[in-house]
Amino acid sequence: MYKLLIKRLLFLFDPETAHKIVSVLLKILFGIPFIPQIFRLFFSVNDKRLKTKVFGIEFDNPVGIAAGFDKQATLYNEMFCLGFSHIEIGTVTPKPQFGNEKPRLFRLPQDNALINRMGFNNIGLEKIKYNLSKQKHKLIIAGNIGKNTTTKNKDAINDYITCFEGLFDYVDYFTINVSCPNIKNLSELQNKDSLSVIVREIQRINNTKPKPKPILIKISPDLTTKQLDDMIELVIETNLDGIVATNTSTSRIGLKTNEKTVDKIGNGGLSGKPLTDRSTEIIRYIAQKSGKSFPIIGIGGIHSPKDAIDKLKAGATLVQVYTGFIYEGPCLAKRINKAILRNLSKK
């Protein structure tokens, strides 16, 4: 039904408008008594074999929603009812920001992909804290944190610390986002020396807490082998809890979409099916190079159960979807979890 009707209707609107429509409809629908329970019953797969304990946290299953879908922390419990075990909210910045000029989100249907240059648009730390405090979350929530566009890289550490301190009591773990291609010069913070300063200070603060929270870094699929080695070394040296692999890509290699159409869209991060193989390759490299010494959350081009299982086999402990959810529909988590159980039954 989703692909035959709902998707076709939503794709009549520009992507950002379609996302707003879905968000509003979900809030209205799930405000009706018993609807959340009915959806949870239909979409969730409850099996103790799916439970996954990672960095001290038990997840109901390995499938979550990546950052960018719930930027304002308003849809997390709705995603729980659709069978997901966790979600990354944000990216959250200290101050509210509009993001880049519209249009800034584009579909590439021939490639089952998106290009976005949203620019960390969000309502800011204080309002997001308020949204998180309004209702108890039923799934694991990660705070994906970043810097404001107007903050210079030399001062970026202050923004990350502000978000970390502000969200500490509201989320279960953190993802440090320095890999988004849509914030000017942000990728410079992926330099090992620059990132090390941020990570070490956040870890220092984290270790002063009675119960420190797990902290991961989110990396780009465009990193070189040397840069990947640097990230692995940094995680081990600073005792981080893992890597989220991967963010969106600036590459346009191998797209089926007409080159003129892609050029007209311009800059932005590519997500979806074109990233499937590259992100899995990076996960496999990190897992092998590190000797599986820390967890990896796999993202990038998960549009089917096979895509997810390939990432788990490559070395991911958890997986997250976003673009695949848009193209494949709300049954994706259920389909992936059922496939995982079938694989376990074969062993």
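Some notes on this structure:
- Correct choice for volume of the Cα convex hull per residue in Å³ that was computed from the model, options (i) 189; (ii) 180; (iii) 134: (iii)
- Here the range 265-347 is assigned +1 on the Cβ of each Lys and Arg and -1 on the Cβ of each Asp and Glu. Its dipole about the Cα centre then comes out at about 420 debye.
- Cα lying deepest toward the dipole's positive end in the chain, options ALA66, PHE174, GLY146, charges on Cβ: ALA66
- In summary, the aspartates and glutamates within cross-link reach of LYS313, defined as a Cα separation below 16 angstrom excluding same-chain residues under 8 places away, comprise ASP277, GLU281.
- Fewest-first ranking of LYS51, LYS334, using other Cβ atoms within 10 Å as the exposure measure: LYS51, LYS334
- Note on the chain: with a GNM built from Cα contacts shorter than 10 Å, the maximum mean-square fluctuation among PHE30, PHE43, PHE80 falls on PHE30.
- Here the range 2-346 is assigned +1 on the Cβ of each Lys and Arg and -1 on the Cβ of each Asp and Glu. Its dipole about the Cα centre then comes out at about 920 debye.
- Distant-in-sequence amide H partners of PHE174 (H built 1.01 Å from N, under 5 Å): GLY143, ILE215, LEU216
- Computed from backbone phi with θ = phi - 60° and the Karplus coefficients 6.51, -1.76 and 1.60, the 3J(HN,Hα) list for the range 125-135 is 4, 5, 5, 5, 4, 4, 4, 5, 7, 5, 9 Hz; x is used for glycine and proline.
- Annotation: amide H-H contacts under 5 Å for LEU108 (H modelled 1.01 Å from N, sequence separation of 5 or more, or interchain): ALA113, LEU114, ILE115.
- Working note: Karplus 6.51/-1.76/1.60 with θ = phi - 60° gives the range 310-318 the couplings 4, 6, 5, 5, 6, x, 6, 9, 10 Hz, where Gly and Pro are set to x.
- In terms of other Cβ atoms within 10 Å, ILE336, ILE309, ILE205 run from fewest to most in the order ILE205, ILE309, ILE336.
- Each Cα pair under 8 Å and six or more residues apart adds its separation to the average, and for the chain the resulting relative contact order is 18 percent.
- Among the listed pairs LYS147/LYS260; LYS71/LYS102; LYS48/LYS334; LYS51/LYS346; LYS7/LYS136; LYS71/LYS134, those beyond 22 Å (Cα-Cα): LYS147/LYS260; LYS7/LYS136
- Gap separating the Cα centres of the range 76-92 and the range 151-214, nearest whole Å: 21
- Counting every other Cβ atom within 10 Å of each residue's Cβ, THR238, THR150 order from fewest to most as THR150, THR238.
- Shape of the range 197-347, Cα gyration tensor, a/c cut at 1.5: oblate
All of the numbers you see were taken from the coordinates with simple rules; none came from a lab. All values derive from a computational prediction rather than experimental measurement. Cβ atoms come from the backbone with ideal geometry, glycine included; neighbour counts cover every protein chain shown.
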